[in-house]
Amino acid sequence: MADLNVNIGGLSLKNPVMTASGTFGYGLEYADFVDLSQIGGIIVKGTTLEPRQGNPYPRMAETPHGMLNCVGLQNKGVDYFCEHIYPTIKDIDTNMIVNVSGSSPESYAECAAHVDALDKIPAIELNISCPNVKQGGMAFGVTAQGAAQVVKAVRKAYNKTLIVKLSPNVTDICEIARAVEAEGADSVSLINTLMGMSIDAERRRRTLSIGTGGLSGPAVKPVALRMVYQVARAVKIPVIGLGGISNATDALEFLLAGASAIQIGTMNFVDPAVTVKVAQGINEYLDRHGFKSVDDIVGIVD
């Protein structure tokens, strides 16, 4: 068996397969379907400083080769997470990672500080695709300055592994990756969802309650793969690839492009055990081709 261990900054994963935030709940929801300890890392749903109700229904829609969502980061806030959720997940035998969101650099930092105090949470993932309420709702992650501002604030408040999730809805994702690296990010994950919409032709109205939503699933994979390839060559920190990964072959493409680890999102809804199957598939590929470890294939496609 090949060595599946990988390192993301100071975070050690038993294999390079992680779950994407918002698609795996808090992990326990999938415990009846898959051995959670066989997953390299579980990124729980987005957590904010204050409770959020999310957007009105309908907020999910199926599309060809994917889905749209505008859930809106519904959650009960970081205090509820610390008091009620954390005790139920802290002993799961894998890396439990919290996705942190906010509406200002200060709210990001304060939320991260709460999570920093939790012994069994070794890392956070910053969702910088959130709207900056002080600048008319433009997402922090669409400018290098906005992204850097959030990471700088969080880095002062948070001492463990810091992963920054990048938005694809930008002109130059490499510029933003370099900006967050400069402010102390230990890793970047990409891509977050692409903005899209759908229309109900019979009813002659938009399908989602707020009109637009994030597109995920197999349809976004070529875009995600291209961006991972570019960013892996633009920064020195590890890259985590995600976007449309459905099987081991998809995951391997991201590793070959330069990702040190991958996340699986939408496909969890189709096959709750897909993460473990992908990890097994990566191992089989390494053995079949004579590679000793995952590191041997990361970024070898020129």
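Read the figures in this text as sums done on the coordinates, not as results from a lab. All values reported here derive from a predicted model rather than from experimental measurement. All Cβ positions, glycine included, derive from the backbone under ideal geometry; neighbour counts span all protein chains shown.
Please pull out the direction-averaged projected area of region 6-296, using the convex hull of its alpha-carbon atoms, in nm² to one decimal place.
Taking a quarter of the hull surface, the average projection is 14.5 nm².
Output the relative contact order of region 57-134, whole-number percent, from Cα pairs under 8 angstrom with separation of 6+ residues.
Once divided by the residue count of region 57-134, the mean separation gives 27 percent.
Helix-derived [θ] at 222 nm for the chain: sum -39500 (n - 2.57) over DSSP H runs of at least 4, divide by residue count, nearest 500?
Value at 222 nm, helices only, nearest 500: -8000 deg cm²/dmol.
For the chain, calculate the relative contact order in percent as a whole number, restricting contacts to Cα pairs under 8 Å that are 6 or more residues apart.
Relative CO of the chain lands at 21 percent.
How big is region 145-217 along each principal axis, measuring the range of its Cα positions in Å and listing the largest first?
Principal-axis extents of region 145-217 (Cα, largest first): 52, 24, 22 Å.
So if I take the centroid of the Cα atoms in region 261-302 and the same for region 1-57, what is the distance between those two points in Å?
So the separation of the two Cα centres works out to 16 Å.
I'd like the Kirkwood hydrodynamic radius of region 1-130, using the inverse of the mean 1/r over distinct C-alpha pairs, in Å.
After inverting the mean inverse Cα-Cα distance, the result is 15.6 Å.
Show the residues, 5+ positions off or on another chain, whose built amide H is closer than 5 Å to the amide H of ASN99.
Amide H neighbours of ASN99, under 5 Å, 5+ apart: VAL44, THR47, GLU125.
How big is the dipole moment of the chain about its Cα centre under a simple scheme where the beta carbon of each Lys and Arg is +1, that of each Asp and Glu is -1, and everything else is neutral? Debye, nearest 20, please.
With Lys and Arg at +1 and Asp and Glu at -1, about 800 debye.
Just GLY290, GLY217, GLY281 to compare: in a GNM of the chain, with alpha carbon springs under 10 Å, which one fluctuates most?
GLY290
For the charge dipole of region 6-296, defined by +1 on Lys and Arg C-beta atoms and -1 on Asp and Glu C-beta atoms about the Cα centroid, which residue among THR23, LEU73, LEU118 has the Cα displaced farthest towards the positive pole?
LEU73
Within a Cβ distance under 15 Å of LYS14, other residues only, what is the Lys/Arg minus Asp/Glu net charge?
Net charge around LYS14: -4.
For a protection proxy built on the mean count of beta-carbon atoms within 10 angstrom, sort 255-261, 235-241, 143-149 highest first, please.
Result, highest mean Cβ count within 10 Å first: 255-261, 235-241, 143-149.
Counting Lys +1, Arg +1, Asp -1, Glu -1, what net charge surrounds ASP250 among other residues with beta carbon under 12 Å of its beta carbon?
Taking every other residue near ASP250 into account, the sum is +1.
Mind checking which of THR212, ASN247, MET227 is farthest towards the positive end of region 194-256's charge dipole, using Cβ charges of +1 (Lys, Arg) and -1 (Asp, Glu) about the Cα centre?
THR212
Pick from GLU253, GLU284, GLU202: which is most flexible by mean-square fluctuation in a GNM of the chain where alpha carbon atoms under 10 Å apart are linked?
So, out of GLU253, GLU284, GLU202, the one fluctuating most is GLU202.
Do the alpha carbons of any pairs in LYS90/LYS160; LYS165/LYS236; LYS45/LYS152 sit beyond 18 Å of each other, and which pairs?
Beyond 18 Å: LYS45/LYS152.
Give, as a single signed number, the net charge of other residues whose beta carbon lies under 11 Å from the beta carbon of ASN127, with Lys and Arg counted +1 and Asp and Glu -1.
+1
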